[in-house]
Amino acid sequence: MKKNIVLLLVFLFIGLFFNIPKYNELNNIVIIDKIKIECSNDIDILLREVNPVKTDNGITYNYTYYKNNIKNINMFKSSFANKYHKSFYYNKVKILESNCNDIDRITSSINIKPNKIKKS
Amino acid sequence: MSNYNRGLSNINSELTINGSKDAFIEDINTNYGLINKRIRNNLNYIDLNIGRYSNTIIKILFIDNITDGRLVNNISNRINNIDIDAIIDSSYLKHALEDEYNILPTIMETERPDKCCMALMEGKVIVLVDNCPYALILPSLFFDFFHTPDDYYQKNINSSFIRIIRFIAFFIAIFLPGIYISVTTRNYDLVSLPLLLMLKAGRSFVPFSAYIEALLMILSFEILREGDLRMSQAASSSISILGGLILGDAAVAAGIVSPIMIIIIAISSIAGLIFSSIELVNAIRIYKIIVLLLSSLLGIYGTIMGLFFLIYNIFNTRIFGYSYLDYDLNELKDSVIKIDSKIKTRNTKLTKNKIRGRYK
């Protein structure tokens with residue numbers, strides 16, 4: 001019995017050193033499925049949140065848009081988190097639309113892997 | 001002295017499709033007779049009387065040239081050293097015979113004489129206790145709890161298929177709630193976007209955290225199950241209907257739980273109930289809660305740690321000096337799947353009498 005308790009405590013302790021994702025209920029995260037980035041003097045970013053709603057006919061999707069303007073692409077995620085005080089989830093982005101020249105650098109800087117990249 | 005014994009009855013808990021249907025009763029001589037009827041040669045026994053006031057008769061059964069004498073002596077000595085007022089049931093002996101703090105069961109209780117005879121042929125020991133309709137099979141190893149007598153009455157391919165289902169059910173029962181909690185609270189990457197959105201839609205109205213919701217559902221299910229077990233047959237159907245309504249429609253309509261959580265907990269609980277051994281069902285329940293808590297704290301990493309914890313327990317458990325998870329190649333042929341050969345063999349870890357029979 002003691003061995004079992006010690007083993008469980010060791011697992012919990014080791015867990016502190018791993019990069020465990022932060023705890024967030026599914027209702028509290030903002031799932032982004034589309035990003036639009038426009039490069040001009042500054043960088044204009046538009047995020048689209050997909051919000052599923054259960055109805056009698058099944059599930060319908062509502063969309064909410066979040067807008068922000070930044071100077072440096074590296075401030076992408078922190079700027080939205082600070083402005084809207086929400087947890088944004090970017091790992092399910094389907095489409096990234098952008099008129100910027102160096103899209104590959106942008107996607108690697110912001111660490112987002114969209115399914116499709118569109119040039120506008 | 002008057003005969004207070006009831007007559008032979010049908011099996012209540014370990015039902016099979018084929019095979020005999022007679023079950024043990026409270027009289028030890030009748031129970032011994034049911035085994036002796038099937039094994040007529042070399043069946044030996046040791047009689048003990050335990051209990052200061054009850055003076056309960058205990059019979060330790062074994063096959064002379066199959067069972068290891070050291071195992072018989074070990075069991076006999078442990079039972080003899082019990083100093084207690086009364087032995088009311090065979091489970092009283094389990095405190096002396098197995099490690100009580102081990103979550104996994106190492107002794108099987110059965111009311112089937114045919115199962116006892118099969119165990120004797122494998123080199124195991126049967127303990128009969130007067131006034132108890134359950135016999136103890138010692139030692140019971142990990143794979144024994146996944147086998148039923150039906151496996152030996154059907155074709156190998158059918159038995160193998162059902163055994164694989166049982167193993168899958170074992171892991172579903174323990175890990176499914178934990179995996180669901182990991183996916184809906186930390187590791188959203190594990191599922192596709194449509195599934196994630198479906199899960200989010202289902203949980204949009206639930207006021208509780210996912211793990212609180214899971215614990216509430218598990219608690220409700222266990223209360224319902226306990227009530228169903230204890231009530232008389234007349235009332236149990238009402239409890240089933242009430243439970244189905246409360247845990248199903250009403251809870252979802254009230255917005256207390258999400259439908260997907262009911263499905264997850266229901267599948268997990270039903271998967272745990274396919275085993276006839278109540279000890280294994282209890283062990284599955286404890287592991288399920290441990291994995292659930294680890295998953296709530298650490299996500300999918302916690303679920304994997306729960307798996308390591310279970311594997312560690314399985315490999316670390318020993319019963320009477322025997323490893324709980326057998327490494328004998330002959331036993332592995334009769335573990336997850338069932339493969340027969342023309343020469344039938346026994347577990348060489350349990351007995352030196354290896355050959356059980358030959359098909360010519």
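What average number of partner chain Cβ atoms lie no more than 10 Å from the Cβ of the residues making up B:96-103?
Per residue, the number of nearby Cβ atoms from other chains is 1 on average.
If contacts are Cα pairs under 8 angstrom and at least 6 residues apart, what is the relative contact order of region A:28-119 in percent?
Answer for region A:28-119 is 32 percent.
Please compute the modelled spin-label separation between B:I278 and B:T348, points set 7 Å along Cα→Cβ, answer in nm with one decimal.
In this crude label model, B:T348 to B:I278 measures out at 3.9 nm.
Working only with C-alpha atoms, what are the Rg and Dmax values of chain A, expressed in angstrom?
Gyration radius and largest Cα-Cα distance of chain A: 18.9, 65 Å.
Counting only C-alpha contacts under 8 Å and six or more residues apart, can you give the relative contact order of region B:158-316 as a whole percent?
41 percent
How big is the antiparallel share of DSSP beta bridges in the protein assembly as shown, given as a percent to the nearest 5?
For the protein assembly as shown, the DSSP antiparallel bridge percentage is about 80.
For region B:27-174, state the semi-axes of the equivalent ellipsoid (square roots of 5 times the eigenvalues of the alpha-carbon gyration tensor), sorted largest first and rounded to whole angstrom.
Those come to 28, 19, 13 Å.
Hey, can you list the DSSP H helices of chain A whose Cα span along the axis is 15 Å or longer and whose average Kyte-Doolittle score is at least 1.6?
Length and hydropathy pass: A:2-15.
Just give me a number: lysine pairs in region A:39-100, eight or more positions apart or cross-chain, with C-alpha atoms less than 16 Å apart.
6
Hey, what angle do you get for helix B:259-272 against the long axis of chain B, alpha-carbon based, 0 to 90 degrees rounded to 10?
Approximately 10 degrees, to the nearest ten.
If the cut-off is a Cα-Cα distance under 27 Å, which lysines reach B:K333, setting aside same-chain residues fewer than 8 apart in sequence?
By straight Cα distance, B:K333 reaches B:K115, B:K124, B:K155, B:K342, B:K344, B:K349, B:K352, B:K354, B:K360.
Taking only Cα atoms, what is the 0 to 90° angle, nearest 10, from helix B:278-298's long axis to the longest principal axis of chain B?
Tilt relative to chain B: about 30 degrees.
So what is the relative contact order of chain B, in percent, for Cα pairs below 8 Å that sit 6 or more residues apart?
19 percent
Using amide H atoms built 1.01 Å from N in the peptide plane, name the residues 5+ places from B:S9, or on other chains, whose amide H lies under 5 Å from its own.
B:A23
Quick one: with all protein chains in place, what share of the accessible area of the protein assembly as shown is carbon or sulfur, to the nearest percent (1.4 Å probe)?
Carbon and sulfur: 58 percent of the exposed surface of the protein assembly as shown.
Tell me the chymotrypsin sites (Phe, Trp or Tyr not before Pro) within region A:1-34 that lie in a loop according to DSSP and have at most 12 other beta-carbon atoms within 10 Å.
A:F17, A:F18
Go through region B:190-208 and flag every residue whose accessible area shrinks by 40 Å² or more with all protein chains in place compared to the isolated chain (probe 1.4 Å).
Residues shielded by partner chains are B:L193, B:L196, B:L197, B:K200, B:A201, B:R203.
Would you mind classifying region B:158-316 by shape? Square roots of the alpha carbon gyration tensor eigenvalues, ordered a ≥ b ≥ c; an a/c under 1.5 is rounded, otherwise it is prolate if a/b is larger than b/c and oblate if not.
Because a/c hits 1.5 or more and a/b fails to exceed b/c, region B:158-316 counts as oblate.
Would you calculate a helix-derived [θ] at 222 nm for chain B, using -39,500 (n - 2.57) for each DSSP H run of n ≥ 4 and dividing by the full residue count, to the nearest 500?
Roughly -15000 deg cm²/dmol at 222 nm, from the helical runs in chain B.
Counting only heavy atoms of the protein chains, get the accessible area per residue of region B:158-316 (1.4 Å probe) and round it to a whole Å² value.
It amounts to 43 Å² per residue over region B:158-316.
Rounded to the nearest 0.05, what FRET efficiency do B:N65 and B:I311 give with R0 = 51 Å and r taken as the Cβ-Cβ distance? Could you check?
E between B:N65 and B:I311, to the nearest 0.05, is 0.90.
I'd like the chymotrypsin sites (Phe, Trp or Tyr not before Pro) in region B:104-185 restricted to DSSP loop residues with at most 16 other Cβ atoms within 10 Å, sorted by number.
Here the chymotrypsin sites (Phe, Trp or Tyr not before Pro) that fit, given the DSSP loop and packing criteria, are B:Y153.
With no solvent and one point per C-alpha, what does the Debye sum give as log10 I(q)/I(0) for the protein assembly as shown at q = 0.05, 0.06, 0.12 Å⁻¹?
Reported log10 I(q)/I(0), two decimals: -0.29, -0.41, -1.11.
The values are calculated or read from the model by the stated rules, or taken from the named source; none is laboratory data. Since the structure is predicted, the reported quantities are computational estimates derived from the model, not experimental observations. With ideal geometry, Cβ positions are generated from the backbone for all residues, glycine too; neighbour counts draw on all protein chains shown. The protein model used for the area step is the full one, side chains on, heavy atoms only, and it has no ligands, DNA or RNA in it. Shrake-Rupley method; radii C 1.70, N 1.55, O 1.52, S 1.80 Å.
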